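A quick write-up on the structure given underneath.
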Amino acid sequence: MAPLAAARAHTLSADATGVPDIGWTFEPWVVVLLVVTLGLYLAGYLRLRARSRRARGFRLRQFGAFVLGWAMTVLALVSPLDALGAALFSAHMVQHEVLMLLAAPLLVLGRPLAVWMWALPSSWRPAIGHGLHAPGVRGSWRWMTSPSVAWAFHALALWAWHAPPLFEAALTRPGIHTLQHASFFVSALFFWWTVLPGRRGHTGDGHAMLSVFTTMLHTGALGALLTLAPGLWYPIYVTPTTALGFDPLQDQQLGGLIMWVPGGLAYFLAGLAIALRYVLDRRTPALAAGHAVPLARSARGSR
């Protein structure tokens with residue numbers, strides 16, 4: 001009975017007759033993935049650190065970003081927040097925002113793919129690297145990480161899963177609920193991969209700013225629709241939300257505000273950071289050129 005109770009901890013019964021148990025949800029496949037990814041990253045990081053003393057500070061920052069993103073993933077998928085999301089729409093929105101706006105970008109900043117490779121036995125790496133560079137694999141990766149595709153994938157996941165039939169289906173069926181969270185998380189990983197540092201040669205800061213600000217606009221619009229809606233989008237929340245002493249419509253409005261205001265602010269700050277990076281990158285060559293002119297003149301004068 002324990003595994004069944006754990007599987008139902010973050011979903012509602014079809015008639016929503018009560019409040020789910022609010023506790024930690026140790027789904028085996030989630031726990032295994034979390035442990036394996038952290039273990040591989042730690043092993044790869046230690047090998048890279050022992051291999052070279054150069055860029056240790058940079059690697060340490062990446063390690064810190066990955067660990068913090070991993071902790072945010074635990075908060076979203078394992079902590080009582082996961083179970084509370086089945087009783088309160090606002091808690092469900094917090095869970096989604098933690099996954100998409102905290103965990104995903106931090107994990108991307110950790111640059112885990114190369115670090116995971118270094119965790120593998122040295123005899124495996126050439127074969128795996130060759131497989132990853134196969135035309136089909138490399139072409140698929142380039143397509144999925146192209147800015148327009150990643151942007152559209154993330155936008156589609158957000159809007160489609162908030163449609164009442166799909167959202168309520170995810171609340172009553174664990175398999176659909178898993179697919180919902182996977183769609184949010186994976187699409188967010190691809191989205192942040194296209195806009196965060198490390199891909200400047202492929203996308204450009206201009207495109208990154210456009211992706212972030214347009215995403216801020218359409219997610220803000222979805223949050224506004226939820227906040228200003230005159231009625232409930234998800235009636236299945238009525239019984240568990242009322243049982244916890246909250247008004248269902250006010251809970252929906254709070255959830256919409258969470259997506260609208262804090263979520264929009266996160267995208268806005270990310271856009272400002274990208275803009276600042278762009279300005280500093282443009283300024284550095286200009287400053288270097290400015291210093292080079294007096295040196296050139298001095299060299300000519302000494303002849």
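A few comments on the model shown:
- Separation of the Ile128 and Thr242 label points, Cα + 7 Å toward Cβ, nm: 5.3
- Where labels lie 7 Å past Cα in the beta-carbon direction, separation of Tyr278 and Ala182 in nm: 3.6
- Rounded FRET efficiency, nearest 0.05, which uses the C-beta distance separating Met117 from Arg142 and R0 of 22 Å: 0.75
- Extending 7 Å from the Cα toward the beta-carbon at both Leu33 and Ser79 defines two label points whose distance is 1.9 nm.
- Here segment 24-131 has 75 percent of its accessible surface on carbon and sulfur atoms, given a 1.4 Å probe and all protein chains in place.
- Only protein heavy atoms count here; under a 1.4 Å probe, Phe58 has an accessible surface of about 110 Å².
- What segment 143-220 shows is 41 Å² of accessible area per residue, with the surface traced by a 1.4 Å probe over protein heavy atoms.
- Estimated vicinal HN-Hα couplings, Hz - segment 99-112 in sequence order (Karplus 6.51, -1.76, 1.60; Gly, Pro = x): 5, 8, 10, 10, 5, 4, x, 5, 5, 5, 4, x, 6, x
- Taking every protein chain into account, the 1.4 Å probe leaves Thr37 with about 40 Å² of accessible area, to the nearest ten.
- Solvent-accessible ranking of Phe26, Phe63, Phe268, largest area first, probe 1.4 Å: Phe26, Phe268, Phe63
- Across segment 157-166, computed HN-Hα scalar couplings (Karplus, 6.51 cos²θ - 1.76 cosθ + 1.60, θ = phi - 60°) run 4, 5, 6, 5, 6, 8, 5, x, x, 6 Hz from first to last residue, x flagging Gly and Pro.
- For segment 212-254, the Kirkwood hydrodynamic radius comes to 11.3 Å, computed from all pairs of different C-alpha atoms.
- Karplus (6.51, -1.76, 1.60) ³J(HN,Hα), θ = phi - 60°, over segment 252-267, in Hz, Gly and Pro reported as x: 5, 4, 5, x, x, 5, 4, 5, 6, 8, x, x, x, 5, 4, 5
- Area accessible to solvent at Asp21, 1.4 Å probe radius, in Å²: 120
- Ranking of Val108, Val137 by solvent-accessible surface, largest first: Val137, Val108 (1.4 Å probe, protein heavy atoms only, all chains present).
- Chain lengthening between His218 and Gln250 when straightened (0.36 nm per residue, less Cα-Cα): 9.3 nm
The values are calculated or read from the model by the stated rules, or taken from the named source; none is laboratory data. On a predicted model such as this, the values are computed, not experimentally measured, just so you know. Virtual Cβ from ideal backbone geometry, glycine too; neighbours counted across all protein chains shown. Side chains are part of the model used for accessible areas, which takes the heavy atoms of the whole protein and leaves out ligands, DNA and RNA. Shrake-Rupley method; radii C 1.70, N 1.55, O 1.52, S 1.80 Å.
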